[in-house]
Amino acid sequence: MLRPRTTLLALTALTAGALAAGGPASAMPLDPLPLDPLPVDPQPVDPLPEKRSWAVGTGGAVATVDADATRVGLEVLAAGGNAADAAVAAAAALGVTEPYSAGVGGGGFFLYFDASTGTVTTIDGRETAPLAMGADAFLDEAGEPLPFTEAVQSGLSVGTPGTPQTWATALAEFGTWSLADTLQGGIRLADEGFVVDETFRQQTAENEEKFRTFEPTTELFLPGGALPEVGSTFVNPDLAETYRLLAAEGVEPFYSGELAGEVVRTAQDPPEAAGVEDVRAGLLAEEDLARYEAPLREPTLVEYRGLEVYGMAPPSSGGSTVGEALNVLEPFELGALPAVPVLHSYLEASALAFADRNAYVGDPAYSQVPLAELLSDEFAAERACALDPEAAMAKPTTAGSPDGEYGPRPPDDGLTVEEGTEGPSTTHLTVGDSEGNIASYTLTIEQTGGSGITVPGRGFLLNNELTDFTFAAADPTVPEPNLPAPGKRPRSSMAPTIVLDEGEPVLALGSPGGSTIITTVLQTLVNRIDRDLDLAAAIAAPRASQRNTAVVTAEPAFVAAYGPELEALGHEFSVVEEIGAATGIEYLPGGLMLAAAEPDRRGGGSAGVVRDLLDNPLAAVPDVPGLAPQLGED
């Protein structure tokens, strides 16, 4: 039996009966939106002078890491665009304000719920390896793996960008606006500039040495040869012109025209600054761009506490690993337990799922990924036998055997495969419109600052996505699903997620953070569904990440709150300043929507709604009753 989604007494009083009660997909805004989109002169929304980590209202919701990008997405919704239109517009804005994490030089995964059909679809916008790339691409002349930094800061790390094609595909499949219309907000932002904050300056400083390696990058991101000052305005007219080209001609110039040639020449012969030693040349060719596709893929799906949890299928490991961990947790009645036993179970389930991720998940076009078995209840039940509520298992633990033959005890001769290296940058945006359509979109250029290589005169950085490949198998006798190969997509941890309840939209979320994306999404789901925190509190809660390693990575607040009791169960901790930077939206009863982002991590995120019903303070966690209606089964 489903638990009732309780009425929000405190909030419904604010609507004064103007909202019709009912399912989320039938929610209506206070006033009808215009029938015709007004993309060039969008309708104004409530101003967002400062980042707010949560908002409640109607008409649609947007959550990103950046106030300008959130505003651009809200303007599209207010002007009649749907969630797909607003997501592309917000992503283009992030290409301006978050150029070290996203942009047309990178790729990502786009998860979409279409309320009119009740279906969830995904777009695989992951970068691909050049056709000239072999398994030994990241080995030196002696057959040893290249130093990671050397590989990153080179043309060799650059894969075929997937972001422009992702935008075009999303709009063609789900949108109501043209690419030209959705790019207008990004064009204005690039022309007029954005205010430099401490996070942008710090990220520039952390990448200064890499940026000074390449002349056009130095000119763009170190204006006048110095770090941008906090409070100054950063403009990017070159990116504005690139967006204008895409607006006028679509994505064809990027994949088969003038821009394609510029991208290829830049990757093959990176424009080093004067006096800098030559970096490794790339293998990207015009044929690689011309043959690129962003295919539609079936999402992953598991049922958790009666809810349908959708995620991204391989080559991302996000959906399979989050889904497997939830399946492992399903038999345990976490909702009746205190915080420490819940978090212990979360850490153990994550370790088991990561062991299987590392052993079995890669590009399904190049290796056989046993996805159905990894997400089966029977495999999860076998894996759950290793979870002891009273003690942490020894780690790293071995992978299971998703072979269809399961018993009460898992085999003890499984594989142990290392995780590999994955960049922690990336960004995530979440959009929901008043019709119940949802876009959960994670996009990236990999490391913060990507390869460090800016395409001259174009205003965007190229990715270093190919360093997500495993450079060399740790054990030649053990299969390694993530070695480089011609045209292959490297394994990712991006985990855009959408949750439905009997086909109706409930919530969506995602995060940056390399492989900690998976644990951030998983822990947030556990916080929201099992611990009954509202979505804003579930995102703000202190985090820990267990990726099948001997030591758990955890934030200081997590260790302070739960460390001693978890250590008594056998967990060991290594402290890091922060993990992930999630955003999410939730459809609440009575036609209301909650948008939520980080209060502090990565400088804080930005959540907004088209019509804000609460003039809420800039508090990290809302103090409003009823924002956490019960989800799932008892």
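The values are calculated or read from the model by the stated rules, or taken from the named source; none is laboratory data. Given the structure is predicted, the values throughout are model-derived calculations rather than measurements. A quick note on method: Cβ atoms are made from the backbone with ideal geometry, for glycine too, and the neighbour counts reach across all protein chains shown. Keep in mind that these areas ignore ligands, DNA and RNA; they rest on the heavy atoms of the full protein, side chains included. Shrake-Rupley method; radii C 1.70, N 1.55, O 1.52, S 1.80 Å.
Taking the stated definitions as given, is LEU227 aliphatic (A, V, I, L, M), open to solvent by 20 Å² or more (accessible area, probe 1.4 Å) and in a loop (DSSP other than H, G, I, E, B)? If you could, list the steps in order and put the result at the bottom.
Working: aliphatic (A, V, I, L, M): yes; open to solvent by 20 Å² or more (accessible area, probe 1.4 Å): yes; in a loop (DSSP other than H, G, I, E, B): yes.
Yes.
Of all residues in the stretch 226-244, none that is within 18 Å of ALA89 (Cα to Cα) has its Cβ atom under 7 Å from the Cβ atom of a residue that is among the basic types (Lys, Arg) and open to solvent by 50 Å² or more (accessible area, probe 1.4 Å), 6 or more apart or on another chain.
Here is a list: ALA89, ALA79, ALA135. Which entry is open to solvent by 10 Å² or more (accessible area, probe 1.4 Å) and more than 30 Å from ALA273 (Cα to Cα)?
Numbers: ALA89 fails: open to solvent by 10 Å² or more (accessible area, probe 1.4 Å); ALA79 fails: open to solvent by 10 Å² or more (accessible area, probe 1.4 Å).
Criteria check complete, one pass: ALA135.
Residues checked against (1) open to solvent by less than 10 Å² (accessible area, probe 1.4 Å); (2) in contact with a helix residue (DSSP H, G or I) (Cβ under 6 Å, 6 or more places away or on another chain); (3) more than 29 Å from ARG71 (Cβ to Cβ):
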| position | (1), (2), (3) |
| --- | --- |
| LEU533 | no, yes, no |
| PRO564 | no, no, yes |
| THR583 | yes, no, no |
| GLU586 | yes, yes, no |
| GLY608 | yes, yes, no |
| GLY626 | no, yes, no |
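State yes or no: is GLY175 surrounded by 15 or more Cβ atoms within 10 Å (Cβ to Cβ), part of a helix (DSSP H, G or I) and touching a helix residue (DSSP H, G or I) at 6+ places or on another chain (Cβ under 9 Å)? No.
In the stretch 307-343, of all residues being open to solvent by 40 Å² or more (accessible area, probe 1.4 Å) and in a helix (DSSP H, G or I), the one that is farthest from ARG547 (Cα to Cα) corresponds to ALA336. Under the condition of being closer than 23 Å to VAL62 by Cα and either open to solvent by less than 10 Å² (accessible area, probe 1.4 Å) or in contact with a Phe, Trp or Tyr (Cβ under 6 Å, 6 or more places away or on another chain) (or both), the residues counted in the stretch 489-512 number 16.
Here's the yes/no breakdown for (1) free of Cβ contacts under 8 Å to residues at least 40 places away in the same chain; (2) under 27 Å from GLY603 (Cβ atoms); (3) in a loop (DSSP other than H, G, I, E, B):
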{"site": "ALA89", "(1), (2), (3)": "no, yes, no"}
{"site": "PRO99", "(1), (2), (3)": "no, yes, yes"}
{"site": "PHE109", "(1), (2), (3)": "no, yes, no"}
{"site": "MET133", "(1), (2), (3)": "no, no, yes"}
{"site": "GLU150", "(1), (2), (3)": "no, no, no"}
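A quick yes/no check of all residues on (1) at pLDDT 95 or above; (2) on the phi > 0 side of the Ramachandran plot; (3) open to solvent by less than 10 Å² (accessible area, probe 1.4 Å):
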{"position": "GLY459", "(1), (2), (3)": "yes, yes, yes"}
{"position": "THR477", "(1), (2), (3)": "no, no, no"}
{"position": "GLY487", "(1), (2), (3)": "yes, yes, no"}
{"position": "THR524", "(1), (2), (3)": "yes, no, yes"}
{"position": "ALA537", "(1), (2), (3)": "yes, no, no"}
{"position": "ARG543", "(1), (2), (3)": "yes, no, yes"}
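Could you tell me which residue of the stretch 193-214 is nearest to ARG601 (Cα to Cα), considering only residues that are hydrophobic (A, V, I, L, M, F, W, C) and assigned to a helix (DSSP H, G or I)? That would be PHE200. Residues that are more than 22 Å from the chain's Cα centre (by Cα), aliphatic (A, V, I, L, M) and open to solvent by 30 Å² or more (accessible area, probe 1.4 Å) are absent from the stretch 145-160. State yes or no: is GLU348 charged (D, E, K, R), assigned to a helix (DSSP H, G or I), within 26 Å of the chain's Cα centre (by Cα) and at pLDDT 95 or above? Answer is yes for this residue. Tell me, which residue of the stretch 272-303 that is open to solvent by less than 40 Å² (accessible area, probe 1.4 Å) and hydrophobic (A, V, I, L, M, F, W, C) is nearest to ALA151 (Cα to Cα)? The selected residue is VAL279.
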